[in-house]
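The values are calculated or read from the model by the stated rules, or taken from the named source; none is laboratory data. This is a predicted model, so every value here is computed, not measured. FYI the Cβ positions are ideal-geometry reconstructions off the backbone, even for glycines, and counts take in every protein chain you see. In case anyone asks, the SASA skips ligands and DNA or RNA and just uses the protein heavy atoms, side chains included. Shrake-Rupley method; radii C 1.70, N 1.55, O 1.52, S 1.80 Å.
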Amino acid sequence: MTRRTKKRWEDQTLGHIGRREARTEFYKDSASRINLNGEWRFLYLEAPELSPEGFMNRETGTDWDLIDVPSVWQLRGYDRMHYTDVLYLFPINPPFVPSENPTGIYKKTVHLNREWIQKDTILKFHGVDSAFDVWVNGTHAGYSKVSRLPSEFDITGYVQEGDNDITVRVYKWSDGTYLEDQDMWWLSGIYRDVELINEPKDSIIDCTVEGDLDSTYKNGILKANITTKQKTCEGIWKLERDGQVVTRGIFQAEEGKAQVRETIPGAELWTAETPGLYELTVSAGNHEIVVRVGFRKVEIKDNNFRVNNQVILLNGVNHHDFHPKEGRCVTREQMEADILLMKQNNINALRCSHYPANGYLYDLCDEYGLYVIDEADLECHGFEWVERYDWITDDPSWKEAYVDRSVRMVKRDRNHPCIIMWSMGNESSFGCNFKSAAEAVKELDPGRLLHYEGDYEAEVADVYSTMYTRLNRLKEIGESDIKGNKPHVMCEYGHAMGNGPGGLKAYQELYRKYKRLQGGFLWEWYDHGIYTEEGKETYYRYGGNYGDFPTNGNFCIDGLLMPDRTPSPAMLEYKQVIAPVEVIRAGTGREVLVRNHYDFLTLGHVTLKWEIRTEEHNIQEGTITHMTALPHEEEKVTIPFLPFLPEANTDYYLNITVCQKEDTNFAKAGHEISKVQFPLNISCDVLEERPKGEPLQVSETTDLLKVENGAVTVTFHKIFGKLLSVGAGDQVYINEGPVMNVYRATIDNDMYKKEDWLNKYFIQKSSEQTEYFTYQTEADQVVVSIGKYFGCLNQSWGFECDYEYTIYSCGQVKVDLKGKAVQRGKLEPSFLPRIGVVMKGNKSLQNAVWYGLGPGENYSDSKAASLMGIYSSSVDEMGTNYVFPQENGHREEVKWFGIGDGNKSLLCKMEAPMGLNLGNYTDESLEEAKHPFQIQRADHVEIHLDYLQSGLGSNSCGEEQLEEYKVKLQDFSMAFVMQVVDDGEVRKEAKKHYLD
Ligand code: IPT
């Protein structure tokens with residue numbers, strides 16, 4: 001006896017019932033359509049078997065709700081939200097799924113008139129997750145699956161003039177779910193558009209178009225294959241460019257098939273940098289369709305993939321369809337905003353991870369110019385965790401399921417010139433079913449490259465693809481011919497989770513250096529946070545916030561865009577790292593080298609704007625408009641700045657920005673492509689005598705030491721050996737500190753260090769022990785010397801610190817700290833988040849100004865987009881509001897900063913540049929908070945000055961911080977002077993250098 005009979009949605013061998021063959025989505029189509037988006041009646045059930053009797057008939061009862069289509073039902077109050085990266089939410093028992101199978105029945109009535117009924121009626125679902133049955137007027141019209149692909153049903157035989165009832169029953173779990181285990185929220189329902197197409201009886205069913213090139217790469221070859229509904233018919237076609245007919249002709253269909261082959265001499269070619277498009281209009285009988293054509297050739301030659309015979313470099317990003325309120329439902333406006341943002345940020349490629357995107361996205365990529373890896377809706381990652389990764393991948397009974405996912409994608413998307421590679425899926429091991437899918441794709445479309453990262457030996461894939469490969473290994477790949485010397489792409493790297501990634505530059509350098517490495521795709525575009533309003537608070541939820549267990553928590557908050565689409569600092573960094581124009585200054589003169597990293601454009605389309613600046617003002621500027629370097633070449637440019645007399649104590653910089661000369665379809669003339677800064681090392685140091693104030697008075701109790709005059713009051717705790725306050729008049733500006741510190745609120749990229757840092761080395765539990773406390777009164781100054789031992793709970797490593805405070809009668813307070821690293825046992829962390837001091841500023845000091853790297857947040861391994869200058873901001877705005885709170889808002893190379901209350905400022909001048917963080921919260925509360933609204937506001941301004949802070953790395957998934965960006969246990973010294981000045985005097989006072 002068989003224990004179990006397969007249900008329809010538990011049969012991997014049943015691809016569909018009554019679904020039409022997959023085909024192109026025409027760019028324009030004369031067939032009329034009825035958009036079925038909008039309100040549907042909806043019944044949510046815990047299993048399909050619980051469907052009310054006769055639900056497919058018109059009568060629906062009263063207990064039905066209304067739901068808007070497209071939508072995912074979990075975000076409309078049904079079922080529940082759940083996020084996992086890898087885990088299936090049920091036992092692995094393919095193809096069977098839970099009997100408790102959330103189900104949604106959707107119903108809509110649509111009125112069709114007499115004219116409509118004369119033609120054919122096609123019901124098209126652009127995307128339903130995960131499998132569904134359709135009834136029209138009570139009759140079963142079909143069954144389909146594959147969540148991220150369209151399904152069309154010819155329902156002509158079931159419709160009638162007047163009202164028609166459409167019923168769709170959607171299953172959350174199906175055999176298809178085993179192939180849809182992507183790292184994302186589990187979401188269900190009719191989540192893409194639904195429409196009715198009124199297809200003429202003599203329609204064009206499909207038209208596949210390839211804009212090929214001849215062997216000279218100059219002439220286009222138009223290849224169109226037309227499928228008509230009628231076996232024999234005649235039709236006409238025309239190819240237009242900007243509304244002008246380029247060529248035209250007629251065709252004759254036999255057996256419902258016709259071909260067009262035409263050479264287009266001197267065709268304008270399509271590349272991501274020059275996305276020239278033609279329109280092909282095809283008419284037959286009463287039907288006319290338009291397909292856009294891009295003439296370009298993708299091929300592998302001499303072990304590199306090329307577009308139009310040019311080796312290209314992909315500077316890409318992984319893209320999911322995502323919206324913080326709508327899940328995987330995205331609007332056209334949002335998609336367009338995404339593509340514009342990518343283009344404006346120098347991104348030239350997009351991988352549809354890990355399923356075919358909403359169809360409109362490809363139109364945008366054609367039009368604006370982005371190379372696309374289109375990926376089949378296929379991932380069965382959960383099998384890896386039972387150590388039988390190829391369970392269904394290598395099981396022939398799943399062959400059709402695998403092949404179907406690639407084939408239907410190719411058939412839907414193949415007319416898009418933007419697509420240069422077909423990817424058969426993601427993270428599903430390798431086996432016979434991928435070999436079959438590869439064959440099927442190659443047969444359908446030999447003109448594009450095949451990608452699949454899981455083909456680890458690059459057996460069937462045309463490119464050798466890896467993810468999160470460490471630099472050493474990447475270099476090895478670049479230098480060797482392993483895996484058949486196929487060109488390499490990094491389909492994922494640079495994990496943008498939380499604060500980070502850092503270290504991107506090192507990757508770009510390798511991509512640019514080794515011919516075999518053809519770039520990569522950053523992980524990923526969006527933070528998948530779900531917008532939530534709770535009382536007064538708005539925030540973004542991630543895994544676990546719905547009580548969902550098990551979950552990968554905030555592992556889905558890993559994008560360059562925050563859920564509200566604010567670009568993160570990492571986006572700016574990536575933009576600069578991949579900038580297609582690089583300016584290098586070799587010597588100290590006026591000459592710079594401008595490298596053209598474009599693959600097709602010359603430098604003729606950019607201008608180079610230069611400025612000679614002090615840290616604050618522009619003193620000379622100019623524009624260079626005539627550059628001519630060819631792609632992949634470089635040219636020398638002389639910046640014609642004039643000699644000038646340096647002002648006292650002023651730094652000079654040559655800032656260069658590379659800008660677009662003319663408007664493009666994605667940015668206005670003047671749009672900034674790249675920027676760079678070179679310090680000029682011209683200086684004129686003028687030292688002056690420190691002014692003298694009233695004599696300093698020193699008073700002492702057993703525990704306190706007070707040094708004061710009319711200008712300043714400084715108190716120390718003699719037992720605790722620390723500075724307690726710095727005040728002037730009746731205001732206190734520093735409430736405590738400096739105290740040494742080696743901890744930062746851990747970032748996501750510290751996730752594999754965190755356990756050791758916090759629970760083994762207790763770096764957050766540090767304290768200082770006073771070794772000595774002495775002071776000396778001299779003319780016009782008092783020097784307080786404090787010896788401390790700094791260490792962390794139960795640790796044998798630490799620092800011997802000598803703090804020397806000099807209080808000058810003019811009111812300035814100099815801090816000079818020297819630390820000597822000691823280890824008197826054996827264990828110590830391999831590196832530390834930072835070495836620095838923390839102080840508490842008065843909470844009224846909310847206006848910040850600093851001279852250092854900015855304006856945005858920057859870290860030692862992520863500062864390509866930051867330039868030295870004087871910047872101002874509120875303390876709050878110096879921070880980055882990460883969805884999952886963590887260390888943020890750091891600025892490197894700060895020479896001085898001020899924090900003011902509108903009247904007075906505390907100015908702090910460094911002897912050597914330091915790292916700076918200013919915030920209205922402590923690291924501890926940042927570490928504790930799970931959402932921004934939980935960060936406790938401190939009653940002081942937290943001031944961090946870092947001798948060094950470790951870089952960000954990308955270790956939440958990928959490379960650690962590179963060695964040079966790790967702060968090792970080491971000796972250090974830091975010195976700075978604090979003083980209280982009038983707000984208006986900060987910059988002037990900051991410029992003064994004093995004789996000591
Ligand atoms: C890899 C996945 O392909 C991607 O979907 C996402 O999960 C990413 O990592 C991390 O956010 S899987 C990883 C095990 C390499």
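Here is how the numbers come out for the structure above:
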| read-out | value |
| --- | --- |
| Order of exposure, largest accessible area first, which applies to MET751, MET497 with probe 1.4 Å | MET751, MET497 |
| Coil-residue GluC sites (Glu not before Pro) of region 322-404, DSSP, other Cβ within 10 Å capped at 13 | GLU387 |
| Cβ-placed point charges (K, R +1; D, E -1), dipole of the chain about Cα centre in debye, nearest 20 | 1160 debye |
| Gain in span if fully extended, ALA669 to GLN697, counting 0.36 nm per residue against the direct Cα distance | 3.8 nm |
| Mean Cβ count within 10 Å, highest first, over the residues of peptides 433-442, 181-190 | 181-190, 433-442 |
| Calculated on alpha-carbon atoms, Rg and Dmax of the chain in Å | 32.7, 108 |
| C-alpha long axis of helix 332-344 to longest principal axis of the chain, angle in ° | 50 degrees |
| Taking the convex hull of Cα positions in region 697-994, its mean projected area over all directions (nm²) | 15.2 nm² |
| Surface accessible to a 1.4 Å probe, GLU59 within the full protein complex, Å² | 150 Å² |
| Lysine pairs in region 204-297 with Cα atoms under 27 Å, if 8 or more residues apart or on separate chains | 12 |
| Karplus (6.51, -1.76, 1.60) ³J(HN,Hα), θ = phi - 60°, over region 399-409, in Hz, Gly and Pro reported as x | 3, 4, 4, 5, 5, 3, 5, 6, 5, 5, 5 |
| Hz values of 3J(HN,Hα) by residue in region 48-61 - Karplus curve (6.51, -1.76, 1.60), Gly and Pro given as x | x, 5, 8, 4, x, 4, x, 4, 7, 8, 5, 5, 10, x |
| Surface/4 estimate of mean projected area, convex hull on alpha-carbon atoms of region 32-199, nm² | 9.3 nm² |
| Rounded FRET efficiency, nearest 0.05, which uses the C-beta distance separating GLN310 from LYS661 and R0 of 25 Å | 0.70 |
| In order through region 816-824: 3J(HN,Hα) via Karplus (6.51 cos²θ - 1.76 cosθ + 1.60), integer Hz, x for Gly, Pro | 10, 10, 10, x, 10, 6, 10, 9, 10 |
| Along each principal axis, Cα extent of region 309-576, largest first, Å | 57, 44, 37 |
| Loop sites in region 519-613: trypsin sites (Lys or Arg not before Pro), DSSP, at most 10 other Cβ within 10 Å | LYS536 |
| Region 204-297: C-alpha pair distances exceeding 18 Å, % | 41 percent |
| Given charges at beta-carbon only (K, R positive; D, E negative), |dipole| of region 1-82 in Debye | 440 debye |
| Within straight-line cross-link reach of LYS760, aspartates and glutamates at Cα separation under 16 Å, skipping those fewer than 8 residues along the same chain | ASP750, GLU828 |
| Nonlocal amide H pairs with ILE557, under 5 Å, H built at 1.01 Å | HIS528 |
| 15 Å reach of a label modelled at HIS16, 7 Å along Cα-to-Cβ, counting backbone N of region 155-182 | 155-156 |
| Ranked packing of 347-354, 472-479, 151-158, 711-718, most packed first, by mean Cβ within 10 Å | 347-354, 711-718, 151-158, 472-479 |
| 28 Å Cα-Cα reach of LYS325 towards lysines, excluding residues that sit fewer than 8 places from it in its own chain | LYS107, LYS108, LYS124, LYS145, LYS172, LYS343, LYS536, LYS575, LYS930 |
| Estimated FRET transfer efficiency (THR628, LYS475; beta-carbon r; R0 30 Å; 0.05) | 0.35 |
| Surface accessible to a 1.4 Å probe, THR62 within the full protein complex, Å² | 140 Å² |
| Per-selection metrics, region 663-766 (Cα): Rg and Dmax in Å | 24.6, 73 |
| Positive-end residue, region 32-199 charge dipole about Cα centroid, Cβ charges, pick of GLN118, ALA141, ILE105 | GLN118 |
| Residue-averaged 222 nm ellipticity for the chain, from DSSP H runs of 4+ at -39500 (n - 2.57), nearest 500 | -3000 deg cm²/dmol |
| DSSP-loop trypsin sites (Lys or Arg not before Pro) across region 1-65, with at most 11 other Cβ within 10 angstrom | ARG3, ARG4 |
